[in-house]
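Below: one structure, written as structure tokens.
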Amino acid sequence: MRPPRRVHDLYLVVQPAIDELVQEQRRSPTILEIADRVGATEDEVLEAMEAGGLRRSASLDGPVAPDQGQSLANSIGDEDDGLADVDRQLTLESLLRRLPRHEQEVARLRFVEGLTQLEIARRVGRSQMQVSRLLARSLDRLRTWVTETQAPV
């Protein structure tokens, strides 16, 4: 969220004024002292200081609230059980692209469209036995490639 320009501009004046007053007085200045220094009202100074806080990001390691031990990082998000599925899907897609085009098509028809071997055979102009052998060979290749990609380096 962006503060209005006038508030942002005042914040840019307020912040150095606070620093100067702290140096001069060796303590935190009051809102009235800051307002006097920058020539603004107390309400305007408060608004500018609040707006300045909007421009800073909260630390993910800091507590959600002072009386809670839980950090902000631990209070947001959740484990995504589907994340491993995405990784497997990406791996499978990259391995499928290594198959010859006709084997990719047969695998897609079988495992994506859910066609039977006989239906695939009719579509691609081969016998059911040829489709069966083609699928078996493709799956063997994929298993080998998966094993290779999971082997420790």
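Summary of values
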| quantity | calculated |
| --- | --- |
| Part-to-part distance (alpha-carbon centres) for the range 89-140 and the range 1-25, which is given in Å | 67 |
| 5 Å-binned pair-distance histogram of the range 83-150 (Cα, whole percent) | 3, 17, 27, 23, 16, 9, 4, 1 |
| Two-site label geometry, residue 91 and residue 137: point separation in nm, points 7 Å out along Cα→Cβ | 2.6 |
| Taking 132, 138 and counting other C-beta atoms within 10 Å, the order from fewest to most | 132, 138 |
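Read-outs: derived from the displayed coordinates by stated rules, not from any lab. Just so it is clear, the model here is predicted, and its values are computed rather than measured. When we count neighbours, we look across all protein chains shown, and the Cβ atoms used for this are built from the backbone with ideal geometry, even at glycine.
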